[in-house]
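Quick note: the coordinates plus some simple rules give every number you see, no bench work behind them. What you see is a predicted model; the values in this text were computed from it and never measured. Neighbour counts run over all protein chains shown; Cβ positions are idealised from the backbone, glycine included.
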Amino acid sequence: MALAVPLAARVGLLQNVSGNGGAGAEIAVPASARDASIAALDRGETHYTDRPGILPLRQSVADALRARHDVEIDAGKGVVITCGVIEARFVAIQQLVPAGSGTVVALSHPERIAAACVVRDVRLVGPDADVQGPAIVYLTSDTPAETRDPWLARAAEEGWAIVFEAAEESGFHPASAGLADATVTVGGIGFDQGLEAWRVGFLAAPAATAGPLRDFKQSLTLCTTNLSQWGALALMEERA
């Protein structure tokens, strides 16, 4: 009963949280993704050969991070395919900040992680907050430099983890500030390119960090459907 009460309170709070979903662009599924998924079905690719996701897609994610952000991630040990970017954010927050006593500093788009913070029972604050104790910093590709730089310096001093949501384009990454080992990169694949309903996302981190994230993710859900992964791979290869 003691556990049920706080859980019930958090469920009630979730009803007031918005902005975790949202409609993607109304774009037709790209032919490359559709054809690749049909071909995978014809090959009998209906089961998961690797629980973190098919290796070719994980390698494609690692290659994209290297090309766009000059970040080196081991595709085999550091990349996990998730059920969309929402799950990637959720997994990172559930594992990187202490339940009940931690703080998540959202430098932009707090609505994207509000529900995950409620479930974890942690404080969600903005960049103007006074933060003490264990915390993580969440930022995105469009976080202004004048907002992000002081907080990245603070994270380095405090030893805080960083959750960075990367866009599907080149640009800033916390690794350029010397924080590669502290950063978990999350993202979606094809969200604005017709694959929103396919629910393909990823998280990427140094192997020592990615292992526990992978194990927790796999205790929550099975991997994104195999056919979706092959379709996402074809789209990434087409638009590389």
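A compact table of results
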{"quantity": "In sequence order, calculated HN-Hα J values of the range 88-104 (Karplus, 6.51, -1.76, 1.60; Hz; x Gly/Pro)", "calculated": "4, 4, 4, 4, 4, 5, 5, 9, 9, 10, x, 5, x, 9, x, 10, 10"}
{"quantity": "Separation of alpha-carbon centers, the range 52-128 and the range 136-209, rounded to whole Å", "calculated": "7 Å"}
{"quantity": "Beta bridges per DSSP with both ends in the range 4-238, % antiparallel, nearest 5", "calculated": "35 percent"}
{"quantity": "Integer Hz, Karplus 6.51/-1.76/1.60 couplings in order for the range 214-225, x for Gly and Pro", "calculated": "4, 5, 5, 4, 6, 7, 8, 9, 6, 5, 3, 3"}
{"quantity": "The chain - Kirkwood radius from inverse mean 1/r over Cα pairs (Å)", "calculated": "18.4 Å"}
{"quantity": "Spin-label zone in the range 61-98 - amide nitrogen under 14 Å from a point set 7 Å from the Cα of residue 237 along the C-beta vector", "calculated": "61"}
{"quantity": "Cβ-derived FRET efficiency at R0 30 Å, residue 70 paired with residue 34, nearest 0.05", "calculated": "0.40"}
